[in-house]
Every structure is written in C-alpha cells, then in structure tokens.
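Here's the structure, in structure tokens; my notes come after.
The values are calculated or read from the model by the stated rules, or taken from the named source; none is laboratory data. Everything numeric here is computed off the predicted structure, so don't read it as measured data. Note: ideal-geometry Cβ built from the backbone for every residue, glycine included; neighbour counts use all protein chains shown.
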Amino acid sequence: MTLTPRKSGWIEVICGPMFSGKTEELIRRLVRAQFAKQRVSIFKPGTDNRYSEDFIVSHNQRKIKSIMVNSSKKILNFMEKADVFGIDEAQFFDDDIVEVCQEIARSGKRVVIAGLEKDFMAKPFGPMPDLLVDAEYITKVNAICMICGDPANFSQRISNEVNQVVVGETDKYEARCRKCFLPIKEENK
C-alpha cells in the first residue's frame, strides 16, 4: 500500500543510469500535475545544455519548459509560484540542492527530482546519495544493456575523458549491465 501525503510536502527521487528514462518519467509526472491544474516550476542545472537552455529534454526528444539555474538556492525564489517542483540532472547541482529540496517539502510542496545515482566509475554521484536517504519515494529505473540486452544499471563511459562531469550522449556513454560494465580503475584515470 502506498500512502500519498495530504498535509505535508514530500520528495520523490527518480534515479538510474544513462538512457533509463529518468527524464521521461520526470516529465510524465510533471505533465500529470499540470493536467491537475497544479502550479509547476521546473529546473535544470546550468551544466546541462545538451538540447536546450529553456527545456528539459529526454533522449527521445520529449520536452517541457524549464528554468536553468547555476545555484540550487535560486530555486527557492519560486516558492510562492509553484506547488510542484521538478528538478532534472540532480547530480550536477551543488550540495545545497538537498537543503533546498528539504525546505520546499517542509513548506508543504511536492519535489520530483531525477538524476544519476552513480557516475561512470559506479561511485556515488554528487548530492544523489543524500537525496535518496531523505526521499519519501524512490523510483529506480533501468536501461537496457547496449552489449547484451539485459537490464542495465551502469553508465559506461566510452570516451577518453577522465573528469567526473562530462555531459554527453551515445557518443560518450553506453548503458551496461553488471556483467558488461567495465569499471575504470582509479590508477587508469
């Protein structure tokens, strides 16, 4: 049985590897809230400009209008303008995103936030572990392994970049299952 809070706010986290449909699920939930005539504000980090600066865009090109912010604290400027807050690419936000989500939820509002919980080395990514610990609801989605077709829970970097944050698509990443994922050793970086 799943209970939906009626008198308090809450945090929903959608997580998984690259190409698993995190943004697609985020958009689906936010569109449903808009259909219900709820006021929705949607945010993305300044580092994610792959498709658009004004929209969150899924890999299959489904999109929804969003606001790009370079600091998670700027999201709090919209507290009186929305009942539902959508946030994409949580792993790219500063650590203040956790406190921002908590403050929004404490004010009685709904936060739906999506991101990669693991980086290309399968290590916890940015603020995601703290968001997962604090969330009332967690949805973990898998991709399909681009090597064998099994459920994929890893983002394999196929380019030579070594920085943790490298924004890219199929030119830089593949979804991989546990068997097909090739961990990059710290000493090989």
### Message
Among the listed residues N77, N70, identify the single one that is surrounded by fewer than 19 Cβ atoms within 10 Å (Cβ to Cβ) and over 16 Å from the mean Cα position of the chain (by Cα).
### Response
N77
### Query
Regarding K65, is this residue modelled with pLDDT under 90 and either within 17 Å of the chain's Cα centre (by Cα) or crowded, with 18+ Cβ neighbours inside 10 Å (or both)?
yes
### Query
Here are I184, I147, I138, I158: which of them is under 18 Å from the mean Cα position of the chain (by Cα) and among the hydrophobic types (A, V, I, L, M, F, W, C)?
I138
### Task
Might you check whether a residue that is assigned to a helix (DSSP H, G or I), of a type outside the set (V, I, T), surrounded by 16 or more Cβ atoms within 10 Å (Cβ to Cβ) and at pLDDT 95 or above occurs anywhere in segment 111-126?
no
## Note on the structure
Selection from segment 82-104 of residues in contact with a Ser or Thr (Cβ under 6 Å, 6 or more places away or on another chain) and outside any strand (DSSP E or B) yields A82, D88, F92, F93, D94, D96, I97, V100
